[in-house]
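*Asks:* Sharing a structure here in structure tokens format.
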Amino acid sequence: MTTIMMVMNMFRRSFLGMMGAAFATALMGCVQEEELAKKPQPTPTPATTPTPEAEVVEKIVEIPEPPWEYRKLDPYEVAELGYQGYCGKTFSGEKLPGAHCCFGAFYAIIKALADEVGSPYKEFIPVTSMATVGKGGIVGWSTVCGALNGAAWATYLVLPEEEADKVINELFAWYQYEELPKYKPPKAMKASLDPMPTSVANSPLCHASVTNWCTASGYRAFSKERSERCARLTADVAGKTIELINAMHDGTFAYVYYDKNTELNTCGSCHSNKGSTLEDTRGKMYCVSCHSDKGATHIESIEVHPKI
């Protein structure tokens, strides 16, 4: 009995010892895991493929405040870009980010400077699509000619305000008086017209400009021929704008056409000059384009027209 009790006690002590050791080992393992969790873990190696967020950060370019750097451009090369811009594609068929008159003039100047200067013009190319809004005198309202509109925007990007205003004054006056279009593309993309009929706009308005050309040419306002005319006109405006900016850049700029606008002084002395007798209007447009027998047709003079 005594021997059996001694064996049982030895077994009990051995069993409890093993269980204690196992418990201690498990407890130590838990403590080690807890301590390991508290230690800072190494940063995982980034994937070789950049995340979308990283790609966005890489594409961000700081756009400086205008005026931006300007280098002299070739007016004819810019005119060619203006023609293609109006058509919405290059001569080789590559699609452009916009189309029509306002985009054509704006894009032509920005694209030429992107090629010549680089940033920020290069990054600005996709934004030129916004100028499509100026089509047909702003989405077909036939207000200011879209080519003039786009050219004016571009001028404000490359010149200080005072100089830009002078260039725009001369450009708009030239557009009123000059017989246009003059530009001839190497490949007509809207309609083949040779020779191309020309006209004098007598106004910076799309409405008057198109009407006068339709009257002179005999083509309709929504014809392919009129579209070809406006594409070439956009080229003329883009090229002339660069000619004027180059002159301002060289210090040789001078008013020529703007000084011809004598109505601005004679009519303005009563109507549109600040502090004048009536001071009842504002503007720099060629007055007789609307307010004389040489200008727009008066509805009242057309007998068959409904009375309004």
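The values are calculated or read from the model by the stated rules, or taken from the named source; none is laboratory data. Since the structure is predicted, the reported quantities are computational estimates derived from the model, not experimental observations. Here the Cβ positions follow ideal geometry from the backbone for every residue, glycine too, while neighbour counts run over all protein chains shown.
*Asks:* I'd like to check something: does region 237-252 contain any residue that is surrounded by 13 or more Cβ atoms within 10 Å (Cβ to Cβ) and in contact with a His (Cβ under 9 Å, 6 or more places away or on another chain)?
*Replies:* No, there is no match, as no residue in region 237-252 is surrounded by 13 or more Cβ atoms within 10 Å (Cβ to Cβ) and in contact with a His (Cβ under 9 Å, 6 or more places away or on another chain).
*Asks:* Hey, ARG232 hits all of (1) touching a residue at least 60 places away in the same chain (Cβ under 8 Å); (2) more than 30 Å from GLU69 (Cα to Cα); (3) part of a helix (DSSP H, G or I); (4) of a type in the set (Lys, Arg) but one; which does it fall short on?
*Replies:* (2)
*Asks:* Could you grab me the full set of residues in region 163-195 that are hydrophobic (A, V, I, L, M, F, W, C) and within 22 Å of the chain's Cα centre (by Cα)?
*Replies:* Of everything in region 163-195, those that are hydrophobic (A, V, I, L, M, F, W, C) and within 22 Å of the chain's Cα centre (by Cα) turn out to be ALA164, VAL167, ILE168, LEU171, PHE172.
*Asks:* LYS260 is checked against (1) touching a Lys or Arg at 6+ places or on another chain (Cβ under 9 Å); (2) at pLDDT below 95; (3) more than 14 Å from LYS166 (Cβ to Cβ) and fails just one. What number does that condition carry?
*Replies:* Among (1) touching a Lys or Arg at 6+ places or on another chain (Cβ under 9 Å); (2) at pLDDT below 95; (3) more than 14 Å from LYS166 (Cβ to Cβ), LYS260 violates only (1).
*Asks:* If I go through region 241-274 residue by residue, how many of them are hydroxyl-bearing (Ser, Thr, Tyr) and either closer than 29 Å to ASP74 by Cβ or in contact with a strand residue (DSSP E or B) (Cβ under 7 Å, 6 or more places away or on another chain) (or both)?
*Replies:* The number of residues fulfilling the criteria is 5.
*Asks:* Looking only at residues in region 70-85 that are in contact (Cβ under 8 Å) with a residue 60 or more places away in the chain and of a type in the set (D, E, K, R), which one is farthest from ILE245 (Cα to Cα)?
*Replies:* GLU80
*Asks:* Still on this structure, I have one more. Take the residues in region 263-301 that are modelled with pLDDT of 85 or more and hydrophobic (A, V, I, L, M, F, W, C), then tell me which one is nearest to THR215 (Cα to Cα).
*Replies:* Residue satisfying both the conditions and the ranking: MET285.
*Asks:* Go over the candidates LEU81, LEU96 one by one and state the one that is in the same structural domain as GLU178 (by TED's automatic domain parsing) and surrounded by 22 or more Cβ atoms within 10 Å (Cβ to Cβ).
*Replies:* LEU81
*Asks:* Restricting the first residue to region 235-253 and requiring it to be modelled with pLDDT of 95 or more, which pairs with a second residue that is among the acidic types (Asp, Glu) meet a Cβ separation below 7 Å and a spacing of at least six or different chains?
*Replies:* ALA235/GLU80; LEU244/GLU170; MET248/GLU163
*Asks:* Separate question: Could you tell me how many of the residues in region 244-291 are touching an Asp or Glu at 6+ places or on another chain (Cβ under 7 Å), assigned to a helix (DSSP H, G or I) and not hydrophobic (A, V, I, L, M, F, W, C)?
*Replies:* The qualifying residues number 1.
*Asks:* Here's another thing I want to ask about it. Within the bounds of region 68-78, is there any residue that is surrounded by 14 or more Cβ atoms within 10 Å (Cβ to Cβ) and within 16 Å of the chain's Cα centre (by Cα)?
*Replies:* Looking for residues that are surrounded by 14 or more Cβ atoms within 10 Å (Cβ to Cβ) and within 16 Å of the chain's Cα centre (by Cα), one finds at least one in region 68-78, hence yes.
*Asks:* If you don't mind, there's one more thing I want to ask. I'd like the full set of residues that are surrounded by fewer than 18 Cβ atoms within 10 Å (Cβ to Cβ), of a type in the set (S, T, N, Q) and farther than 17 Å from VAL158 by Cβ, limited to region 99-136.
*Replies:* Of everything in region 99-136, just one residue is surrounded by fewer than 18 Cβ atoms within 10 Å (Cβ to Cβ), of a type in the set (S, T, N, Q) and farther than 17 Å from VAL158 by Cβ, namely SER129.
*Asks:* Quick one: THR215 ticks every box in (1) out of contact with any helix residue (DSSP H, G or I) (no Cβ under 6 Å at 6 or more places or on another chain); (2) crowded, with 16+ Cβ neighbours inside 10 Å; (3) assigned to a helix (DSSP H, G or I) bar one, so which box is it?
*Replies:* Here THR215 meets the rest and fails (2).
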